[in-house]
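Below: one structure in structure tokens.
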Amino acid sequence: MARWLESGALRGDAESGREPYVIAIPLPNVTGSLHMGHALNNTMQDVLIRWHRMAGREAEWVCGTDHAGIATQAVVEKMLAAQGVSRRELGREAFLGRVWAWKEQSGGEIITQQKRLGCTLDYSRERFTLDDGYADAVARVFVSLYDKGYIYRDRYMVNWDPGLGSAVSDLEVEDREVTDALVSIAYPLSDGTGEIVVATVRPETMLGDTAVAVSPADERYRHLIGRTVTLPLVGRELPIVADEYVDPAFGTGALKVTPAHDPNDFEIARRHGLDEVSVIGEDGRMTALAGAGYAGLTPLECRVKVIADLRAADALRGEEDYTHNVPFSHRSGERIEPLLSLQWFCDMGTLAEPAIAAVVDGRVRFTPERFGRVYLDWMENIRPWCVSRQLWWGHQIPVWYRGDEVHVGTAAPEGDGWVRDPDVLDTWFSSALWPFATQGWPQQTPELARFYPGHALVTGRDIIFLWVARMVMMGIEFMGDIPFSDVVINPIIQAPDGRRMSKSLGTGIDPLELIDQHGADAVRFGLLLMASTQDVRFNEQRIQQGRQLATKLWNATRLVVDRGGRAGGVTPEPTLLGDRWIASYVRNTVAEAERLIAEYDFSALADLLYRTIFDGFCDWYLELLKVGEGTPEVAGFVLEQLLTLANPVMPFVTEECYAQMPGAAPEGLLRHSLAVGPWEHDEMARVQGMWLIEAVTALRAHKSENGMRPRDPLFVTLEQRVPFALSQSAVASLAHVSWVDTPADDARSLGLEHGRLLVSRPDMVVDTAAECARVDARIAATATELGRAERQLANDKFVGRAPEHLVAAERAKAARFVAEIAELRAERGRLGCS
RNA sequence: GGGCAGUUAGCUCAGCGGGAGAGCGCCCGCCUCACACGCGGGAGGUCACUGGUUCAAUCCCAGUACUGCCCACCA
């Protein structure tokens, strides 16, 4: 890692003529530390960055951290609380000083951890969302959106988080199922001619009721519309209004309307011009408007008192358990208190339009595709975004007030008496600018010109709305172009038992510990292998597999170097079978890997590397090399290609192996390129290689199944049906057999695709009965296959409609089965079976 | 209430119209001069269920059953 950092290759050069390739990392919280999700997500990005850097692109992987308003403020407040100090006692300025001090001292630990994973981020340009330049970009965006009329201030229904003492956005709220008491309350008609019964799970909010609503289609109440009821305990006269929202089939069909404490009631009230009476305040207590006797209580205390008072007033008409979904804060875990509050909002409708178009017309592509639909569904129903937060740590809203005057600007206004809005912006407001604010915007820097727009964005599906969608909107609005062309959604890695991996559940697994145990390459490889298009359970065996692959590469390198293999040579011309076979094989592997990278199929890529290195290269090619079917020139060249190919996935071990090779470039693999161009697919080499593999495998299996040890002698005679040669010397060495011209009388037959092998062992005592049974069993099995093939071929519909090559293949199969049965019958005759 | 995934070997997962695959685990044999973190061989699946389309279905369509996730204002 130190060498990579010193190389300067991690810093994208905006002036080089190379075509850029840019990824902006999903900025981690400055309070964060690397968890399993980061490890996978970052590995995927590093594979892409390294791959494209090797392919000659000017790679820039944007690095940095997010100030993470709520999370960071909470960390520091907790530390202060341990010292017995509250943030309010300190005051805003001193508190922010403490937060900055914490950030300088302990923040950004995750950057160090990313280096341990081997991530080739551009650390030289590390950014923080509260940097001066970044803060300037945020303020400019706010002012610009205000000037365009998108940002406005309104007294509006918000999700109030009583634990946090702040409003939170719709996206920071989750529903939980809760069982509440549903209380029925009688509201008498003002003229004393009867009553209307309403039901509520929040009786305390009745103190803020300003109407009763019924369905306009409801016959039962039609005659009451326009009349009034008297609110019990309060005495306020409430109009009875008709509204489509009310479901006549639910409860009594009459709905109490509390505009200040229920989002639906709020909408109804705005439609009918009703009063909005706030009876719960931002301090989480009943307000003076709730009335003497209730003011100052918590809503829960108030509920108890209201129910008691209603009972005393004989206004209770029933109570039953009721299970329903209730919003809770993601942040504090407390139950959301919907209330009216003066907040800053951003209207998203206009901003969303071009961002929808970008996905619809394919300029921004999601992988897996289905997430594009998720994005569009949300965008097409987008709602105003509450962007103000009642916190201290963050981008303070660039608005000043003086009496009724409001100044919105990037700097404080002239004159005395102006007071700045104390609130800060939602953290996601600043992260939405990440792709361009990191490149110097609003300055027209060379980096901005070269590194915007970026290419891939790799992230989790949980922030498609919070972050991805908003980056697309802001990018188009302020840069006039999409921020990236591909959104790659990484899977979620669950705990081995299928539960969510989380610190609070105790189900988390620390990737840094895994790195300690197995090495960073193993962790990277294992995570990629686990990752597919769906969520997966963590499987440590995959990590072990990665470690085995790393060890294998290391040992293979030792062998190749021992045999005189070198790096950096000219492309050798393969002549021996083993060389020709591996050259063609590796060429095809590279082509396949290129395809998989383009499709972001990291799991298949890891699997391909594993199979190629273990099976193709080590188990077959290196063994062929040892028996004289390969040359050090080709072995060295192929190893260099494989190390290069595997480098994006396993950067450490491949870099080290490469360094062990004579002739290796001193700068290593960071900008190395794959050079298999001169080699073409060699069909004859493939067929001959397959034949050799088939023969060796059959002979080994024969020995194993007959209780022979690998080195026990075995005589073999070849009968082939094709005009190209089997490499007999290689077979003899790899399977430990001896070729003879004439088969023994009792030789057994091993059928191969291109011929057969007649094998016999010198010391074999033939158990005729057992042998006959074995041959009969094979005849029966082959006959079954033949029967299936013949039935297929006898089916006119198959012959008539199936593709020609499949019919031909079926005929060839049938012919082969017939020949095999004939051979087996002959063997039967030789053995003298009954 | 909508929507999206998933259900394949003991475990974790690939495959997605033409004779079921990987890793680990299990069984057998090998310290073969790169590697025992290894090498060779093998056992083990009515591809959730029910219908349909097709010459042909694990793969396509419809439905059922579980499992997970996302969205949603029913007091």
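What order do A:Trp620, A:Trp344 take when sorted by accessible area (1.4 Å probe), most exposed first?
A:Trp620, A:Trp344
Further question: Relative to the longest principal axis of chain A, what angle (0 to 90°, nearest 10) does the C-alpha long axis of helix A:132-147 take?
60
Kirkwood Rh over Cα pairs of segment A:495-576 into Stokes-Einstein at 10 °C, 1.306 mPa s: D in µm²/s?
103
Protein chains only, probe 1.4 Å: how do A:Asp132, A:Asp347, A:Asp161 rank by accessible area, largest first?
Descending order: A:Asp132, A:Asp347, A:Asp161.
Any idea what Rg and Dmax come out to for segment A:700-834 if you just take the C-alpha atoms, in Å?
Reported Rg and Dmax, both Å: 17.4, 54.
Find the relative contact order for segment A:1-159 and round it to a whole percent, using C-alpha pairs within less than 8 Å whose residues are 6+ positions apart.
32
Sticking with this one: Decide, for segment A:177-244, between rounded, prolate and oblate: order the square roots of the alpha carbon gyration tensor eigenvalues as a ≥ b ≥ c, take rounded if a/c falls under 1.5, and otherwise choose prolate if a/b is larger than b/c, else oblate.
Judged from the Cα gyration tensor, segment A:177-244 comes out oblate (a/c at least 1.5, b/c at or above a/b).
Find how many whole Å separate the alpha carbon centroid of segment A:650-727 from the alpha carbon centroid of segment A:235-249.
What the calculation gives is 81 Å, centre to centre.
Hey, what do the phi angles of segment A:269-280 turn into as Karplus ³J(HN,Hα) couplings, whole Hz, using 6.51/-1.76/1.60 and θ = phi - 60°, x for Gly and Pro?
Once rounded to whole Hz, the list reads 4, 5, 5, 9, x, 7, 5, 10, 10, 7, 9, 10.
Using alpha-carbon positions, what is the distance between the centroids of segment A:163-234 and segment A:737-791, in Å?
Answer, in whole Å: 87.
Sticking with this structure for a sec: Accessible surface of A:Glu15 in the full protein assembly, 1.4 angstrom probe, to the nearest 10 Å²?
Using a 1.4 Å probe on the heavy atoms, I get roughly 140 Å².
With every protein chain kept in the model, how would you rank A:Trp385, A:Trp554, A:Trp739 by accessible area, 1.4 Å probe, largest at the top?
A:Trp554, A:Trp739, A:Trp385
While we're on this one: Can you give me the three principal axis dimensions of segment A:334-464 from its C-alpha atoms, in Å, biggest first?
Between the extreme Cα coordinates on each principal axis of segment A:334-464 lie 54, 46, 27 Å.
For chain A, just list the percent of Cα-Cα distances falling in each 20 Å bin from zero outward, please.
Cα pair-distance distribution for chain A, in percent: 12, 32, 27, 17, 10, 1.
As a check on your grasp of the helix formula, calculate [θ] at 222 nm for chain A: sum -39500 (n - 2.57) over DSSP H runs of n ≥ 4, divide by the residue count, round to the nearest 500.
After summing the helix terms and dividing by residue count, I get -13000 deg cm²/dmol.
Place +1 on the Cβ of every Lys and Arg and -1 on the Cβ of every Asp and Glu in chain A, take the dipole about the Cα centre, and give the residue among A:Val775, A:Gly291, A:Ala82 whose Cα lies farthest towards its positive end.
A:Val775
Taking every pair of alpha-carbon atoms in segment A:293-340, what share in percent sits in each 5 Å bin, from 0 to the bin with the longest distance?
5, 15, 15, 23, 20, 15, 5, 2, 0
Let me ask another. If the only charges are +1 at each Lys and Arg Cβ and -1 at each Asp and Glu Cβ, what is the size of the charge dipole of segment A:178-248 around the Cα centre, to the nearest 20 debye?
My answer is approximately 140 debye.
By the 4.7 Å beta carbon criterion, which cysteine residues of chain A come out unpaired?
Taking the Cβ cut-off of 4.7 Å, the unpaired cysteines of chain A are A:Cys63, A:Cys119, A:Cys302, A:Cys346, A:Cys386, A:Cys618, A:Cys657.
Could you tell me the relative contact order of segment A:765-834? Use alpha-carbon pairs under 8 Å, at least six residues apart, and round to a whole percent.
Averaging sequence separation for qualifying contacts and normalising by length gives 49 percent for segment A:765-834.
Compute the normalised compactness of segment A:574-656: alpha-carbon radius of gyration over 2.2 N^0.38 Å, N being the residue count.
1.08
Continuing with this model, one more query. Using only the alpha carbons of segment A:1-126, determine the length spanned along each of the three principal axes and report them from longest to shortest in whole angstroms.
Principal axes ranked by extent give 57, 31, 23 Å for the Cα atoms.
How large, in percent, is the carbon and sulfur part of the accessible surface of chain A at a probe radius of 1.4 Å?
49
Can you tell me what the convex hull of the Cα atoms of segment A:222-367 projects to on average, as an area in nm²?
Taking the Cα atoms of segment A:222-367, their convex hull projects to 13.8 nm² on average.
Can I ask one more? So what is the accessible area of chain A per residue, in Å², with the probe set to 1.4 Å?
For chain A, the solvent-accessible area averages 44 Å² per residue.
Another question, if that's okay. Counting only C-alpha contacts under 8 Å and six or more residues apart, can you give the relative contact order of chain A as a whole percent?
Reported as a whole number, the value is 12 percent.
Continuing with the same structure: Sorted by packing (mean other beta-carbon atoms within 10 Å per residue), highest first, where do A:411-417, A:117-123, A:545-551 land?
Ranking, from highest mean packing down: A:117-123, A:545-551, A:411-417.
Would you please state the base-10 log of I(q)/I(0) at q = 0.19, 0.30 1/Å for segment A:76-132, with intensities from the Debye formula using one equal scatterer on every alpha carbon?
-0.77, -1.24
Sticking with this structure for a sec: To the nearest 20 debye, what charge dipole does chain A have about its Cα centre, counting +1 at the Cβ of each Lys and Arg and -1 at the Cβ of each Asp and Glu?
Charge dipole, chain A, about its Cα centre: 1980 debye, nearest 20.
Now a separate question. Using the Kirkwood radius over C-alpha pairs as Rh, can you work out the diffusion coefficient of segment A:568-716 via Stokes-Einstein at 25 °C, viscosity 0.890 mPa s, in µm² per second?
147
Just how large is the dipole of segment A:120-208 about the Cα centre, in debye to the nearest 20, putting +1 at every Lys and Arg Cβ and -1 at every Asp and Glu Cβ?
300
Here's a follow-up. If I histogram all Cα-Cα distances within segment A:163-297 using bins 10 Å wide from 0, what percent of pairs lands in each bin?
Answer for segment A:163-297: a P(r) of 12, 40, 35, 12, 1 percent.
The values are calculated or read from the model by the stated rules, or taken from the named source; none is laboratory data. Computed from a predicted structure; not experimentally measured. In this analysis, Cβ positions are derived from the backbone assuming ideal geometry, glycine residues included, and neighbour counts consider all displayed protein chains. Please note that ligands, DNA and RNA were not included when accessible areas were found on the heavy atoms of the full protein model with its side chains. Shrake-Rupley method; radii C 1.70, N 1.55, O 1.52, S 1.80 Å.
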